[in-house]
Amino acid sequence: MYEGRRVAAVIAAHNEERHIARVVTSLPDVVDVVVVVDDASGDATSEAARGSGDPRLVLVRHETNTGVGGAICTAYRTALETDAELFVRLDGDGQMDPAYLTDLLDPLV
């Protein structure tokens, strides 16, 4: 929770086996749920995400690649089902620094 609000991180991932577990576990405690959508990866992205052991993880796997837009739509729809009030979007490759999440959340609160 952040300032009394439930926070969801949504992540589209395609062939991110090498990075996704680190991305999931790097998210700060203010994130209540982490939705990862594996967009029909040809590698072990889903297994790597599960292997993170993060209890906040909600994993969805597309059987057909829908592109980043389709994966993000699925991620937001899934996150809405968790009663989250604030949403942040990250990429599955670890290029977005989660240290800035509270800076992004403050104006929303």
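The values are calculated or read from the model by the stated rules, or taken from the named source; none is laboratory data. Predicted model only: the values in this text are computed from it and were never measured. Ideal geometry is used to build each Cβ from the backbone, glycine not excepted, and the neighbour counts take in all protein chains shown. Note: accessible area is taken over every heavy atom of the protein model, side chains too, but ligands, DNA and RNA are not part of it. Shrake-Rupley method; radii C 1.70, N 1.55, O 1.52, S 1.80 Å.
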Practice task
Output the relative contact order of the chain, whole-number percent, from Cα pairs under 8 angstrom with separation of 6+ residues.
Solution key: 37
Practice task
For residue 57, enumerate residues with amide H under 5 Å from its amide H, sequence gap 5+ or separate chain, H modeled in the peptide plane.
Solution key: 34
Practice task
Rounded to the nearest Å, what's the spacing between the alpha carbon centres of the stretch 1-69 and the stretch 85-109? Just the number, please.
Solution key: 14
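Roughly speaking, to the nearest percent, how much of the chain's 1.4 Å accessible area is carbon and sulfur?
Values: 2770 of 5610 Å².
For the chain, the apolar C and S fraction of the accessible surface comes to 49 percent.
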Exercise for the section: Name the long-range amide H neighbours of residue 16: under 5 Å, sequence gap of 5 or more, or other chain; modelled H, no Pro or chain starts. Expected result: 45
Handout entry: Net charge of neighbours whose Cβ lies under 13 Å from the Cβ of residue 47, counting Lys and Arg as +1 and Asp and Glu as -1
Key = -1
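For the stretch 1-76, count all C-alpha to C-alpha pairs, find those more than 19 Å apart, and express that count as a whole percent of the total.
Numbers: 864 of 2850 pairs.
For the stretch 1-76, the fraction of Cα-Cα distances above 19 Å is 30 percent.
Are there trypsin sites (Lys or Arg not before Pro) in the stretch 42-100 that DSSP marks as loop and that have at most 10 other Cβ atoms within 10 Å, and which are they? Display every interim value, and only then the final one.
On the way: sites: 50, 56, 61, 77, 89; in loops: 56.
For trypsin sites (Lys or Arg not before Pro) across the stretch 42-100 that sit outside H, G, I, E and B with at most 10 neighbouring Cβ atoms in 10 Å, the list is empty.
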Exercise for the section: Name the residues whose placed amide hydrogens come within less than 5 Å of the amide hydrogen of residue 87, ignoring near sequence neighbours (fewer than 5 apart) on the same chain. Expected result: 8
Exercise for the section: Report ³J(HN,Hα) in whole Hz for each residue of the stretch 13-18, in order, from the Karplus equation J = 6.51 cos²θ - 1.76 cosθ + 1.60 where θ = phi - 60°; Gly and Pro get x. Expected result: 9, 9, 6, 10, 3, 6
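Taking the Cβ of residue 93 as the center, what net charge do the other residues with Cβ under 15 Å away carry, scoring Lys and Arg +1 and Asp and Glu -1?
Numbers: positive: 18, 22, 89; negative: 16, 17, 38, 39, 43, 91, 97.
Net charge around residue 93: -4.
In the stretch 1-78, which GluC sites (Glu not before Pro) are in a loop and have at most 11 other Cβ atoms within 10 Å, using DSSP for the loop call?
Details: sites: 3, 16, 17, 47, 63; in loops: 3, 16, 17, 63.
Passing sites in the stretch 1-78 are 63.
Can you give the net charge of the other residues whose Cβ lies under 15 Å from the Cβ of residue 107, counting K and R as +1 and D and E as -1? Don't skip to the answer; put the middle values down first.
Working: positive: 5; negative: 3, 85, 103, 106.
Neighbour charge sum, excluding residue 107 itself: -3.
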Practice task
Kindly state, as a whole number, the per residue volume in cubic angstrom of the convex hull around the alpha carbon atoms of the stretch 51-109.
Solution key: 122
